[in-house]
Amino acid sequence: MGSGGRFLYYLLLTLAVALITYNAIISSTAILLNPGFPGRRGAPPSRSSSDPVVQMPFDRRRAVGRRPFHTAVTASDSVYNAWQCRVMYYWFKKVRDATPESEMGGFTRILHSGRPDKLVDEIPTFVADPLPAGTDQGYIVLNRPWAFVQWLQKADIQEEYILMAEPDHIIVKPIPNLAKAGLGAAFPFFYIEPKKFESVLRKYYPEDRGQIADIDPIGNSPVIIEKASLLKIAPTWMNLSLAMKKNPEADKAFGWVLEMYAYAVASALNGVGNILHKDFMIQPPWDLEVGDKYIIHYTYGCDYNMKGELTYGKIGEWRFDKRSFGQKPPPRNLPLPPDGVPQSVVTLVKMVNEASANIPNWDIF
């Protein structure tokens, strides 16, 4: 190579190195200046902040920092589960579609009956196989972790986070992605008491794994969690649920919340902690106001006399209890509660009424 050729070669090499260095500097500066940049946690940039070199539109900058999550609800093909899922999906769509900038992404009903039902064209549905006959011992909730294992293995889930919800959840306002720093976001249940049942739980969470306080007072729902973490937890959750159900001592201790304890233990065994959010949801009639909560969970019956006084444990002159509608959906235009009944209960009934009024073929079952 002549002197002229060598000069041209070194000139091009110098320019290339300079260009690579410039791009590296610009990229690192972008990460430092833009707290919403993926991989860096922090508040989104203000309207006055600017991106280096090229101004990025504010709405686009917000989108970069979004962490959408996929909502998943497990259900059987019973009428009881079906109408609740329809109400749940109606409000999910209404809230999400009204706030396109929210982090609420896709939705799947995980149907663990093993066969499609009448709602597969109305609600996005993944059909999972049930447990072998007799395995659940009449405790149908045992199908939930097994259904999640199948869905996680077979479905194409675009989002990197998942919200596990239930049919009797009504979304009141847009739910942000409350999970962060490798931790899930979960609602703490007062009746999940790991310390109280330490002797039983140590069979599944031995002392060499950690303190009993490492087991959070949660179930699997509502929980927002990274998909990668749930992929690890789900098989453990399934196996623990089955093992606890087979153990008479654990079965007696945990009763109808056995599968919730199994999830809490599985989460701890896999090293996934949770941020406990009391504001995640309310549970009428005990919670009186919706306030800033995200979900209404109507697991308890609401019984009142016509003076608006709670008569819990005794069927009221006015009542709303999901268990009253096991064979057919609640009728449209349910009567509102009498004066004096808490706002949370009134809101619940109004939201069920709106959903039933707007869902076609409400009496399909």
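Near Ser221, within a Cβ-to-Cβ distance under 14 Å, what is the net charge of the other residues, with Lys and Arg +1 and Asp and Glu -1?
Once all neighbours under 14 Å are counted, the net charge is -2.
Per the 1.4 Å probe, what fraction of the accessible area of region 162-241, in percent, lies on carbon and sulfur atoms?
Its accessible area is 55 percent carbon and sulfur atoms.
Peptides 334-343, 119-128: what's the order by average Cβ count within 10 Å, highest mean first?
119-128, 334-343
Put a dot 7 Å past each Cα toward the Cβ at Gln343 and Gln137; how far apart are the dots in nm?
The answer from the label model is 4.5 nm.
What do you get for Rg/Rh of region 63-124 when both radii come from the Cα atoms and Rh is the Kirkwood radius?
Over the Cα atoms of region 63-124, Rg/Rh equals 1.04.
With no solvent and one point on each alpha carbon, what is the Debye value of log10 I(q)/I(0) for region 126-247 at q = 0.10, 0.11, 0.20 Å⁻¹?
Rounded to two decimals, the profile gives -0.36, -0.43, -1.41.
For region 241-358, what is the convex hull volume of its Cα atoms per residue in Å³?
Roughly 158 Å³ of hull volume per residue.
What do you reckon, how do Tyr263, Tyr139 stack up by accessible area (1.4 Å probe), largest on top?
Solvent-accessible surface, decreasing: Tyr139, Tyr263.
Tell me, in nm to one decimal, what length is gained between Tyr191 and Glu309 on full extension, where the rule is 0.36 nm per residue of separation less the Cα-Cα distance?
Extra length available between Tyr191 and Glu309 comes to 40.0 nm.
If the reach is capped at under 18 angstrom between alpha carbons, list the lysines near Lys196, excluding any in the same chain fewer than eight residues apart.
Straight-line reach from Lys196, under 18 Å: Lys252.
If you average 1/r over every pair of different alpha-carbon atoms in region 165-230 and take one over that average, what Kirkwood value in Å do you get?
13.8 Å
So, by mean Cβ neighbours within 10 angstrom, what's the order for 276-288, 143-155 with the highest one leading?
My ranking of the peptides, most packed first, is 143-155, 276-288.
The values are calculated or read from the model by the stated rules, or taken from the named source; none is laboratory data. All of these numbers come straight from a predicted model, not from anything done at the bench. All Cβ positions, glycine included, derive from the backbone under ideal geometry; neighbour counts span all protein chains shown. Ligands, DNA and RNA are stripped out before the accessible areas are found, and what is left, the full protein with its side chains, is counted by its heavy atoms. Shrake-Rupley method; radii C 1.70, N 1.55, O 1.52, S 1.80 Å.
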